[in-house]
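The values are calculated or read from the model by the stated rules, or taken from the named source; none is laboratory data. What you see is a predicted model; the values in this text were computed from it and never measured. Cβ sites come from the backbone with ideal geometry, for glycine too, and all protein chains shown count toward neighbours.
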Amino acid sequence: MAIIVDFPVGGSFDDAATDAMGGAYELAAQLRPDVAKETLAQPIIAIARLGERDVEQLCTRALSGLEPSPLPSSIANPDNGPAT
């Protein structure tokens, strides 16, 4: 399902920015499946407007403003393995 976000006038992004935002969003959605899609997208877009184009930085900075995940760490971050 696509997310439609209204951009203010003059709020366009080049291909590199949209690729980076898409990658950051996909990563953020994997790391925080408990967070609404728009809640993930909005800070990524705001940070990209400031000129950030690194996928990991976009994701990290966007997630840093969210409340901690209520999910067990093994679900919130499947690479960590089962919680003990």
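Quick notes on this one:
- Restricting region 31-53 to residues that are out of contact with any helix residue (DSSP H, G or I) (no Cβ under 7 Å at 6 or more places or on another chain) and in a loop (DSSP other than H, G, I, E, B), the residue that is nearest to residue 17 (Cα to Cα): 51
- Conditions (1) assigned to a helix (DSSP H, G or I); (2) at pLDDT 95 or above; number of the one not met by residue 16: (2)
- Cross-chain or 6+ apart pairs with Cβ under 9 Å, region 19-33 first and acidic (Asp, Glu), then part of a helix (DSSP H, G or I): 19/55; 26/55; 26/59
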